[in-house]
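Laboratory data are not the source of any read-out in this text; all were calculated from the coordinates shown. Treat the numbers as computed from the prediction; the structure is a model and nothing was measured. Because the Cβ atoms are built from the backbone with ideal geometry, glycine has one as well, and the counts that use them run over all protein chains shown.
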Amino acid sequence: MEIKDKKRKSVILSALADDDVINILNSTKDEAKSALMIMKLHDISHSTAYRKIKWLLDNGLLVVEKIKITDDGKKFSLLRSTLESVHVTYENEVKINIKENVNKVQLTANHVFSMEDEL
């Protein structure tokens, strides 16, 4: 899918320029992970990880696949990258083509039904 929106192009290019963001997207492409798992896997500080995860969520490059509740009542989210691949070309203009990683409708359904499991 070609990205035409200038803001969306800017977001994707910014993401590709940040090593921590690339690590977050790569680690959540095939399997949803919690923020804590991502921090440990890539040795990212707590504040940096949460700031970048929030930015990715706000810009639609990361989604909450499922919400889990631990035995002691604490809640955490499992996150998944919305991008499977990105192809950027420059020939007098920047062209970005992406392959989406997730079906957002299916994720919403999974999220709703996962909450029922916890009730």
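What list of ³J(HN,Hα) values in whole Hz, one per residue of the stretch 75-80 in order, does the Karplus curve 6.51 cos²θ - 1.76 cosθ + 1.60 (θ = phi - 60°) give from phi, with Gly and Pro shown as x?
Ordered by residue, 3J(HN,Hα) equals 10, 9, 9, 9, 10, 9 Hz.
With a 10 Å Cβ neighbour count serving as the proxy for reagent exposure, in which order, fewest first, do 65, 2, 100 appear?
Ranking 65, 2, 100 by Cβ neighbours within 10 Å, fewest first, gives 2, 100, 65.
Among 39, 1, what is the fewest-to-most ranking by other Cβ atoms within 10 Å?
1, 39
Can you give me the long-range amide H partners of residue 82? Hydrogens built in the peptide plane at 1.01 Å from N, cutoff under 5 Å, separation of 5 or more residues or another chain.
Result for residue 82 returns 62, 63.
State which entries of 40/95; 6/33; 6/29 exceed 28 angstrom in Cα-Cα distance in the structure shown.
Long pairs (Cα-Cα over 28 Å): 40/95; 6/33.
Based on other C-beta atoms within 10 Å, arrange 20, 30 from fewest to most.
Ascending Cβ contact count within 10 Å gives the list 30, 20.
Compare the peptides 68-76, 7-15, 83-91 by average per-residue count of other Cβ atoms within 10 angstrom and give them in order, highest first.
Descending mean neighbour count gives 7-15, 83-91, 68-76.
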